Amino acid sequence: MDDTDDLQARLAHIREKRGYLLPHHGLLATASPALLDAYDTVYSAFALTPGQTPRRDHEAIWIAVLTANEQPVATHHLARFQAEGGTDEEIAALLALTALTCGFPCWRFVQQHWQGHLPALDVREAWLSAFSRMAAPLPRRLAQLVTVAVLICREAWDGLAWQLVAAYQDGVPEVELAETLALTLLPCGVPSLVEASRVWRTLILDGEVEASGAFRAWAETAGQGGFDEASGVLNP
């Protein structure tokens, strides 16, 4: 079998597995088959392999993430959500919650610049109240996961800290929060996942959330601060 046959076989495998092809599949299959294999393994783990988060909720989070990032190519997540019983009304609720969350910088602006003029306004409580109103049509647990994901997409790390605390108060399972953070890796990139993980770890270390044994052990493991090129040392 020549190189062309190999290429067609690789693409046929991707199409059969996913039900579709995108241009980057062919590019990687042509230029770097090993990278395509590695990418397919990672994508399959994120998008195709069942985890702790129910499949319907998993696809709902994908819809919110894609909307927040204005990424139109992955419409198969809409089809998967609908195949799991998702309705147009639920999608409308997801879009409304996503739109609210994308507007989090408005709350930050008020806190940073107008708090002195509004001493009686608790901006954090105002944000959480707005979240609760917009989240009402959705299961509370799912609304928390969606909002956490969108805050990561918008790099709203202060809002993420508030939301993670609220998610713990609502009893959202830590493993589902972890899967939600991980899901943002492909659309948002490694740096965003690193920062989101740092925010969560700091909350645990500061006693802002009551983490389980496994997650506390993760947070308390030293040497997770990366490498400081200026000083040439590992950060704590």
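The values are calculated or read from the model by the stated rules, or taken from the named source; none is laboratory data. Nothing here was measured: the structure is a model prediction, and the numbers come from that model. Glycine also receives a Cβ, built like all others from the backbone with ideal geometry; neighbour counts cover every protein chain displayed.
Among the listed residues HIS76, HIS58, which satisfies the condition of being in the same structural domain as ALA156 (by TED's automatic domain parsing), in contact (Cβ under 8 Å) with a residue 60 or more places away in the chain and under 21 Å from THR180 (Cα atoms)?
Values: HIS76 fails: in contact (Cβ under 8 Å) with a residue 60 or more places away in the chain.
Exactly one residue qualifies, and that residue is HIS58.
Out of all the residues in the stretch 97-115, which are more than 23 Å from SER192 (Cβ to Cβ) and surrounded by fewer than 15 Cβ atoms within 10 Å (Cβ to Cβ)? Give the derivation first.
If we filter the stretch 97-115 for residues that are more than 23 Å from SER192 (Cβ to Cβ), which is where we start, we get 110, 113-115.
Residues satisfying the conditions are HIS113, TRP114, GLN115.
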When residues of the stretch 44-66 are limited to those that are more than 12 Å from the chain's Cα centre (by Cα) and among the β-branched types (Val, Ile, Thr), the one nearest to CYS102 (Cα to Cα): THR53
Residue list for the stretch 151-185, filter: within 17 Å of LEU100 (Cβ to Cβ), of a type in the set (S, T, N, Q) and assigned to a loop (DSSP other than H, G, I, E, B): none
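Could you check how many residues of the stretch 19-46 are in contact (Cβ under 8 Å) with a residue 60 or more places away in the chain and either surrounded by 15 or more Cβ atoms within 10 Å (Cβ to Cβ) or not assigned by TED's automatic domain parsing to the domain that holds ASP3 (or both)?
So the first thing to find is which residues in the stretch 19-46 are in contact (Cβ under 8 Å) with a residue 60 or more places away in the chain, and the list is 42-43, 46.
Filter once more, keeping what is either surrounded by 15 or more Cβ atoms within 10 Å (Cβ to Cβ) or not assigned by TED's automatic domain parsing to the domain that holds ASP3 (or both): 43, 46.
Of the residues in that region, 2 qualify.
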Residue match in the stretch 75-91 (condition: out of contact with any Asp or Glu (no Cβ under 8 Å at 6 or more places or on another chain), within 19 Å of ALA166 (Cα to Cα), surrounded by 14 or more Cβ atoms within 10 Å (Cβ to Cβ) and not aromatic (Phe, Trp, Tyr)): no
